[in-house]
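Have a look at the structure below before the remarks.
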Amino acid sequence: MGAEVVIEGLTKSFGRQAIWRDVTLTLPPGEVSAMLGPSGTGKSVFLKSMIGLLKPDRGRCVINGVDIVTCSEHKLYEIRKLFGVLFQDGALFGSMNLYDNVAFPLREHTKKSETEIRRIVSEKLEMTGLAGADKKLPGEISGGMRKRAGLARALVLDPQIILVDEPDSGLDPVRTAYISQLLIDLNTQIDATILIVTHNINLARTVPDNLGMLFRKELVMFGPREVLLTSDEPVVEQFLNGRKRGPIGMSEEKDSATMEREEAEAAAGHSDGSPDEDVRGVVAQMQPSPGLPERVGARRRMDRVMRILHTLPAAAQEGIIESLSPEEQRHYNVRPSHGAPVAAPARHGLADTQQIPRVTGPVPSQHQGELPADQVARIPGGWSGNPGNPGNTGEAPRPGSGYPPRNGPGGA
Ligand SMILES: Nc1ncnc2c1ncn2[C@@H]1O[C@H](COP(=O)(O)OP(=O)(O)OP(=O)(O)O)[C@@H](O)[C@H]1O
Ligand SMILES: [Mg+2]
């Protein structure tokens, strides 16, 4: 199984320019996660910080018990071997053909024979649809092909953690669908922990198990995909709908006067070309290609999510339960409420005599179950108080988003 990545209070600036602060999240092992965020919010800087190419000012990034922010160069070198990274620009060596580019990590980090290297490189080039292009130089191929070559190179060391920075940029929609499928298939085949940075709404909605978003120098949210897909947090909604109206502007963030003017214009019937209807809700997740085995990461994730179900917002709970098959609903002892409060708490993994603790307060804004409350991503508008974040009033959540009653079948 892929490695878990635990990030706590990570903060990064360049000189006086703060990029993001206090980023806390856990990439669950062997699951696929995606990080969204407007251009310039520091997504690429985040990936580079995760592999120690950039040094954060504060915080921890712990992989297999090693904090890569403070560890020695030697340890960092060892930890980096667990990673396969596709950089935003592909980062290929311009003077080497694709074959040598993809073979590079094997020659650098292993003692494999050239025969074995040929087998591995051919396999990865084939996997990424580049068979036959091995003699080409990066300057002789399209941007999309360079991207795929970068991905092939990221895979040769059988990484436990795969970071991919905008795998879809420069790809047409059909190739993007193929690369999305490739990422899901990869996760199925090698069970690696995957983090994808993307602007592609379709990919974000259908590929990852978990979604996060960076905005205004903070991690706005991170959690199971259903939480963001059903969220009414304005910045998340605007992004997932690709709308102009909302807090995100051309240069990252809008002032309130601009937002009010836009609202008034929209109310007066002005069309700004944004889609008329909002898409919100849990769409079906991409499955592994036919012929591949079940994705164990998906099964593990479902068990994990059902254990923390009661901590999630009501809309996310509903979306999760409705996406389960009838057998799964029976297995986890839940049923759709169709608007009524969700009936039964998830008991999977708990001994029969063990009760899920009754929580009477407002919805916790954490989505990661195992982490203590002060170490989890927060939902703005939730109760945990995140004063830097507009929209987070620190007040109790709205009616309807409350904790489901625990008096259903099997409840406390
Ligand atoms: N090495 C560096 N030195 C100084 N500033 C940097 C460096 N790398 C990135 N930045 C700055 O950090 C900010 C975030 O950059 P980053 O590339 O991470 O954005 P991004 O979210 O990946 O954007 P995009 O979606 O356009 O790729 C930018 O303002 C950028 O200029
Ligand atoms: Mg970037």
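Considering each residue of the range 207-214 in turn, none proves to be out of contact with any strand residue (DSSP E or B) (no Cβ under 8 Å at 6 or more places or on another chain) and more than 16 Å from ligand 2 (Cβ to nearest atom). Pairing each residue of the range 225-242 that is over 10 Å from residue 313 (Cβ atoms) and touching a residue at least 60 places away in the same chain (Cβ under 8 Å) with any residue that is charged (D, E, K, R) and surrounded by 23 or more Cβ atoms within 10 Å (Cβ to Cβ), provided the two are 6+ apart or on different chains, yields C-beta distances under 8 Å for 225/209.
Evaluating residue 241 against the criteria (1) more than 16 Å from ligand 1 (Cβ to nearest atom); (2) touching a helix residue (DSSP H, G or I) at 6+ places or on another chain (Cβ under 7 Å); (3) within 15 Å of residue 283 (Cα to Cα) leaves one unmet condition, (2). Within the set 280, 216, 295, 243, the sole residue that is basic (Lys, Arg) and at pLDDT 90 or above turns out to be 295. Within the range 97-147, being assigned to a loop (DSSP other than H, G, I, E, B), within 29 Å of the chain's Cα centre (by Cα) and polar (S, T, N, Q) holds for 128, 142.
Restricting attention to the range 129-144, the residues that are surrounded by 14 or more Cβ atoms within 10 Å (Cβ to Cβ) and over 17 Å from residue 104 (Cα atoms) add up to 3. Residues considered: 171, 195. Of these, the only one that is assigned to a strand (DSSP E or B) and within 16 Å of ligand 2 (Cβ to nearest atom) is 195. Residues in the range 42-56 that are within 11 Å of ligand 1 (Cβ to nearest atom) and within 15 Å of the chain's Cα centre (by Cα): 42, 43, 44, 46, 47.
Of all residues in the range 213-253, exactly one satisfies the criterion of being small (Gly, Ala, Ser) and under 17 Å from residue 195 (Cβ atoms), namely 223. Checked against the criteria, residue 36 counts as within 16 Å of ligand 1 (Cβ to nearest atom), crowded, with 22+ Cβ neighbours inside 10 Å and either among the aliphatic types (A, V, I, L, M) or modelled with pLDDT under 90 (or both). Looking across the range 199-233 at every residue that is away from ligand 1 (no atom under 16 Å from the Cβ) and part of a helix (DSSP H, G or I), the one that is surrounded by the fewest Cβ atoms within 10 Å (Cβ to Cβ) is identified as 202.
Do we have any residue at all in the range 87-108 that's of a type in the set (Phe, Trp, Tyr), surrounded by fewer than 17 Cβ atoms within 10 Å (Cβ to Cβ), away from ligand 2 (no atom under 16 Å from the Cβ) and under 24 Å from residue 33 (Cβ atoms)? Scanning the range 87-108 turns up no residue that is of a type in the set (Phe, Trp, Tyr), surrounded by fewer than 17 Cβ atoms within 10 Å (Cβ to Cβ), away from ligand 2 (no atom under 16 Å from the Cβ) and under 24 Å from residue 33 (Cβ atoms). When the range 51-102 is filtered for residues that are of a type in the set (Ser, Thr, Tyr) and under 25 Å from residue 20 (Cβ atoms), only 70 remains.
The values are calculated or read from the model by the stated rules, or taken from the named source; none is laboratory data. Everything quoted here is computed from the prediction, not taken from an experiment. When we count neighbours, we look across all protein chains shown, and the Cβ atoms used for this are built from the backbone with ideal geometry, even at glycine.
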